[in-house]
Amino acid sequence: METAKILLSNIDRLHTTEMGIDRIRNNLGLSAVSDVVEYCKSRIMDKRCVIYLQGKNWYCEIDSIKITVNSHSYTIITAHRVK
């Protein structure tokens with residue numbers, strides 16, 4: 001659980017690229033969401049979110065959604081629905 005604390009304590013550092021915004025919006029069907037980064041932050045901060053570190057990335061899983069965050073740069077790489 002220490003890994004989750006590290007990510008959560010740096011939640012304000014989360015960001016993504018323009019391409020990342022488009023990729024996340026498309027993968028999750030978030031056409032009505034204006035701020036994709038804030039959406040991801042809220043999902044990651046949810047108490048039900050399972051956060052684990054694997055290699056250089058954090059994976060955050062909640063409600064059939066997996067968000068991938070680079071552990072060094074805090075860049076949201078992608079998010080997608082898990083089946």
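The values are calculated or read from the model by the stated rules, or taken from the named source; none is laboratory data. These numbers were taken from a predicted model, which means no experiment stands behind them. Every residue, glycine as well, gets a Cβ built from its backbone with ideal geometry; the counts of neighbours run over all protein chains shown.
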Checklist outcome for this item: Of the residues in the range 27-44, those that are among the polar types (S, T, N, Q) and loosely packed, with under 12 Cβ neighbours inside 10 Å come to Ser31, Ser34
Checklist entry - With Val69, Val37, Val33 as the choices, which residue is more than 12 Å from the chain's Cα centre (by Cα) and of a type in the set (Val, Ile, Thr)? => result Val33
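Yes or no, residue by residue, for (1) exposed (fewer than 11 other Cβ atoms within 10 Å of the Cβ); (2) on the phi > 0 side of the Ramachandran plot; (3) in contact with a strand residue (DSSP E or B) (Cβ under 8 Å, 6 or more places away or on another chain):
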site	(1), (2), (3)
Asn10	no, no, no
Arg13	no, no, no
Asp63	yes, yes, no
Asn70	no, no, yes
Thr75	no, no, yes
Ala79	no, no, yes
Next on the checklist: Any residue at all in the range 6-15 that's among the polar types (S, T, N, Q) and outside any loop (DSSP other than H, G, I, E, B)?
Outcome noted: yes
Item to check | Residue satisfying all of: in the range 45-56; surrounded by fewer than 17 Cβ atoms within 10 Å (Cβ to Cβ) and touching a strand residue (DSSP E or B) at 6+ places or on another chain (Cβ under 7 Å); farthest from Leu30 (Cα to Cα) among these | outcome: Lys56
Checklist entry - When you go through (1) under 13 Å from the mean Cα position of the chain (by Cα); (2) modelled with pLDDT of 95 or more one by one for Arg48, which number turns out not to apply? => result (1)
Next on the checklist: Pull out all pairs, ordered by first then second residue, where Cβ-Cβ is under 7 Å, the residues are six or more apart or on different chains, the first lies in the range 59-83 and is without any contact (Cβ under 8 Å) to a residue 24 or more places away in the chain, and the second is polar (S, T, N, Q) and in a loop (DSSP other than H, G, I, E, B).
Outcome noted: Val82/Ser64
Next on the checklist: Taking the conditions exactly as written (part of a helix (DSSP H, G or I), free of Cβ contacts under 8 Å to residues at least 40 places away in the same chain and of a type in the set (Phe, Trp, Tyr)), does Tyr39 satisfy them or not?
Outcome noted: yes
